[in-house]
Amino acid sequence: MKTNYLFALSGLLLSFGSHAQSKMATGSQKPMPAAEWVDADTGHKVVRLTQLDGDNGSFYFHNNPFLKGRGNEGDLMVIYHTDAQGKQLRLVNLKTHHTEPLTRYFKQVKGEIVGRKRREVFYQVQDTVYATNVDSKKTRRVFVFPADFKADITSLNADDTQLGGAWGSDAEKEIYRQYPAKSDFFNRIYDAKLPRTLFVVSTDGGGKLTKLFTDNAWLNHVQFSPTDPDLLMFCHEGPWGKVDRIWHIDTKTKAVKLVHKRTVDGEIAGHEFFSPDGKTIWYDMQKPRSVTFYLGGTDVKTGQERAYQMERNDWSIHFNVSPDQKLFAGDGGDAGQVAKAPDGMWINLFHPEGDKFRTERLVNMKTHGYKLEPNVHFSPDGKWIIFRANFEGQEQVYAVEIAKTAS
């Protein structure tokens, strides 16, 4: 059955209209009395993009969820929906807020990869990779992992020809099984020094898998450059203070290169992501850990580094950069995070000024539970920051307008 939640229906617009510009404390009511409001602490408009019909979640911060709309129909965003029937991928029109299913329901589905050239969404169900076209809704089987190489896809290259990911050993999977909580498995997997293999899979359905690189290290956070189809970034996962984390590999030559080497005792760097033009790799950097906070960036070709310093309360679990690369955003964090920030629970906008960030607070997240990471994305037009949150009592997807609402 097709789900159709067209927020733009005149009746709904009339019902929302009286609340549209109401100033309210975000999360002060569960649920909020309308789908949009002005955050009373920041003056920025917040809009819920999804219906309260179950949990709705946006993608991880570095996974592109957007596709261009047809004509003037509005850009599309792919989300996860979960209810009593299971989990499925859905499409949200960012202009009309119309929502429709993209896939059928599954017990579990993962992958969350959008192909902008092929206009397909790639995802994985158990050992099988599928692709569904966003326009025709036709689904094809792309690849089935063999019994001796059970792995996960996590990224798609710039010309939509290869999917990338990392394979882990059965011994590693057994650690996950015995110790499912991150606090329990994290150090165990790092200390085990088990083999991991980076690989690519062809998207044409021909069944071609190529193994790129194997190391007795926890290779993770695999992501392709958005512009260079042969450049694959990955990390050495583990306690950040023990690893030179950020690396990339040329999928043709298989040459591996370290992106950022720690220079200060106790320094950490991680949660890396590419700039939209693929020229810079950005990352959370602390020199040393939990003391001085930066967003660092390394030029992919020259290796030249730069960094923007920020205050403790402005640190975020994840950062992102606007389409024009003039602004940055962060999803904040509670006092239990690495920054131990006493007032860090905000969606933030960062304005680079010299070698520092000037911070503008967009959404007060004090009623959000940070076990659910908000994972900020800039909208394709650069006018909104999209994130997920649970301050209404369940996981939903929201957008906050960068321009401040007139008083």
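The values are calculated or read from the model by the stated rules, or taken from the named source; none is laboratory data. Source: prediction; values computed, not measured. All Cβ positions, even for glycine, are placed from backbone atoms using ideal geometry, and neighbour counts span all protein chains on display. Heavy atoms of the whole protein, side chains included, go into the accessibility calculation; ligands, DNA and RNA do not. Shrake-Rupley method; radii C 1.70, N 1.55, O 1.52, S 1.80 Å.
Numerical summary
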{"quantity": "Positions within region 119-171 being open to solvent by less than 20 Å² (accessible area, probe 1.4 Å), within 21 Å of the chain's Cα centre (by Cα) and farther than 19 Å from Gln223 by Cα, in sequence order", "calculated": "Thr132, Val134"}
{"quantity": "Top-ranked residue of region 282-335 - restricted to ones that are in contact (Cβ under 8 Å) with a residue 40 or more places away in the chain and among the aliphatic types (A, V, I, L, M), ranked as surrounded by the fewest Cβ atoms within 10 Å (Cβ to Cβ)", "calculated": "Ala307"}
{"quantity": "Residues being in a loop (DSSP other than H, G, I, E, B), crowded, with 19+ Cβ neighbours inside 10 Å and aliphatic (A, V, I, L, M) - total across region 19-64", "calculated": "3"}
{"quantity": "Qualifying position, being aromatic (Phe, Trp, Tyr), assigned to a strand (DSSP E or B) and over 20 Å from Gly111 (Cα atoms), among Phe213, Phe186, Phe199", "calculated": "Phe213"}
{"quantity": "Test result for Lys110, among the basic types (Lys, Arg), within 19 Å of the chain's Cα centre (by Cα) and surrounded by fewer than 16 Cβ atoms within 10 Å (Cβ to Cβ)", "calculated": "yes"}
{"quantity": "Residues within region 352-374 that are under 19 Å from Arg312 (Cβ atoms), within 18 Å of the chain's Cα centre (by Cα) and open to solvent by 50 Å² or more (accessible area, probe 1.4 Å), tallied", "calculated": "1"}
{"quantity": "Subset of region 65-90 that is modelled with pLDDT under 95 and under 22 Å from the mean Cα position of the chain (by Cα) - its residue that is surrounded by the fewest Cβ atoms within 10 Å (Cβ to Cβ)", "calculated": "Lys68"}
{"quantity": "Residue among Gly266, Gly270 that is open to solvent by 10 Å² or more (accessible area, probe 1.4 Å), closer than 21 Å to Gln309 by Cα and touching a helix residue (DSSP H, G or I) at 6+ places or on another chain (Cβ under 8 Å)", "calculated": "Gly266"}
{"quantity": "Residue within region 371-385 that is more than 21 Å from Ala25 (Cα to Cα), in contact with a strand residue (DSSP E or B) (Cβ under 8 Å, 6 or more places away or on another chain) and assigned to a strand (DSSP E or B) present", "calculated": "yes"}
{"quantity": "Tally, over region 216-255, of residues that are part of a strand (DSSP E or B) and surrounded by 15 or more Cβ atoms within 10 Å (Cβ to Cβ)", "calculated": "16"}
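Yes/no per residue for (1) touching a Gly at 6+ places or on another chain (Cβ under 8 Å); (2) without any contact (Cβ under 8 Å) to a residue 60 or more places away in the chain:
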{"position": "Phe199", "(1), (2)": "yes, yes"}
{"position": "Gly206", "(1), (2)": "no, yes"}
{"position": "Trp218", "(1), (2)": "yes, yes"}
{"position": "Asp228", "(1), (2)": "yes, no"}
{"position": "Leu231", "(1), (2)": "yes, no"}
{"position": "Phe234", "(1), (2)": "no, no"}
{"position": "Val243", "(1), (2)": "no, yes"}
{"position": "Trp247", "(1), (2)": "no, yes"}
